[in-house]
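Taking it in order: structure first as structure tokens, then the write-up.
The values are calculated or read from the model by the stated rules, or taken from the named source; none is laboratory data. Predicted model, so just to flag it, every value in this text is computed and none were measured. Please note: Cβ atoms are built from the backbone with ideal geometry, for glycine as well, and neighbour counts cover all protein chains shown.
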Amino acid sequence: LMKVGVLGAGVMGAALGKYLAGLGRAVMFGSRTPEKARGLPRLSGFRNEVGTYREAVAYGDLIVLATRWAHTREVVEESGPFYGKILLDCTNPETPDARGLVLGHTTSGAEEVAKWARGARVVKAFNHVYAELLDAGPRFYGGSATVFYCGDDAEAKACVARLAEEGGFDPVDAGPLRNARYLEPAAQLMVQLVRVQAMGPSDVALKLLRRS
Ligand SMILES: NC(=O)c1ccc[n+]([C@@H]2O[C@H](COP(=O)([O-])OP(=O)(O)OC[C@H]3O[C@@H](n4cnc5c(N)ncnc54)[C@H](OP(=O)(O)O)[C@@H]3O)[C@@H](O)[C@H]2O)c1
């Protein structure tokens, strides 16, 4: 049984923490204000705790990074060390209005996170999955929603793939961590569809079609 520490008890941190708790993982929500995180909707039947960011990192074998980009560096640098831990990065390096990316092409948010979280085995995943979809579930008439993931540590990637698959998602290996340069813009495509074109956040998802 894997223990999970979630950094950031916001919309995505709460949804991903709840998703992982639902898969039987013990979850600690790390927050600047643990007393506020305690007010998260009771995840009845699931074991979960709250603590500071540092406590959540110390607690987890797998750490979910779910902060807005502007605060990500500070949170990562102040909550380590991460040595040997799997860091599931679902952040997007978005502008404050979430209608663009502040970096790309020559680097990615995930590659920057990997520099800040020394020793962590970073896997980019779930960044293009809306929190509402995690709550609603991944199954559509056309099949299960894809979770693209990338990273440089095979074991860490396999672990994240398993967590996607256990929850009914279709995990697709998207290569090394530098390919987060393509996964982060994919999240912007979802933002465009959901926020600008007003498709429901749990009504659309990315799906990779395969012949076999
Ligand atoms: N929302 C989605 O559906 C979704 C989907 C995929 C990816 N993402 C990505 O997930 C990340 C989080 O998005 P979100 O929608 O969950 O945002 P959010 O609701 O604003 O949550 C972000 C959390 O960051 C924490 N934080 C740490 N330092 C902070 C500071 N100085 N000021 C303010 N907050 C601070 C806060 O948690 P505490 O108050 O507990 O410390 C806050 O709740 C983003 O990078 C986003 O691109 C979101």
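Taken over the range 53-99, the criterion of being at positive phi and more than 8 Å from the ligand (Cβ to nearest atom) is satisfied by Gly84 alone.
Within the range 111-144, the residues that satisfy the criterion of being of a type in the set (Gly, Ala, Ser), surrounded by fewer than 24 Cβ atoms within 10 Å (Cβ to Cβ) and either within 13 Å of the ligand (Cβ to nearest atom) or without any contact (Cβ under 8 Å) to a residue 24 or more places away in the chain (or both) are Ala131, Ala136. Hey, does the range 30-48 have a residue that's within 25 Å of Glu184 (Cα to Cα), assigned to a loop (DSSP other than H, G, I, E, B) and within 13 Å of the ligand (Cβ to nearest atom)? There is at least one residue in the range 30-48 that is within 25 Å of Glu184 (Cα to Cα), assigned to a loop (DSSP other than H, G, I, E, B) and within 13 Å of the ligand (Cβ to nearest atom).
Figure legend. Inter-residue proximity from the range 189-208: first residues over 14 Å from Tyr141 (Cα atoms), second residues at pLDDT below 95 and aliphatic (A, V, I, L, M), beta-carbon distance below 8 Å, spacing 6+ or different chains. Indicated pairs: Val191/Ala98; Arg195/Ala98.
For the range 83-110, give me each residue that is crowded, with 18+ Cβ neighbours inside 10 Å and either charged (D, E, K, R) or free of Cβ contacts under 8 Å to residues at least 12 places away in the same chain (or both).
If the condition is that a residue be crowded, with 18+ Cβ neighbours inside 10 Å and either charged (D, E, K, R) or free of Cβ contacts under 8 Å to residues at least 12 places away in the same chain (or both), then Lys85, Asp89, Glu94 are the ones that fit.
Scanning the range 142-175 for residues that are assigned to a loop (DSSP other than H, G, I, E, B) and either within 19 Å of Ala120 (Cα to Cα) or touching a helix residue (DSSP H, G or I) at 6+ places or on another chain (Cβ under 7 Å) (or both) turns up Ala145, Asp152, Asp153, Gly167, Ala174, Gly175.
Filter the range 1-16 down to the residues that are free of Cβ contacts under 8 Å to residues at least 60 places away in the same chain and touching a Phe, Trp or Tyr at 6+ places or on another chain (Cβ under 9 Å), then identify the one that is farthest from the ligand (Cβ to nearest atom).
Among them, the one singled out is Lys3.
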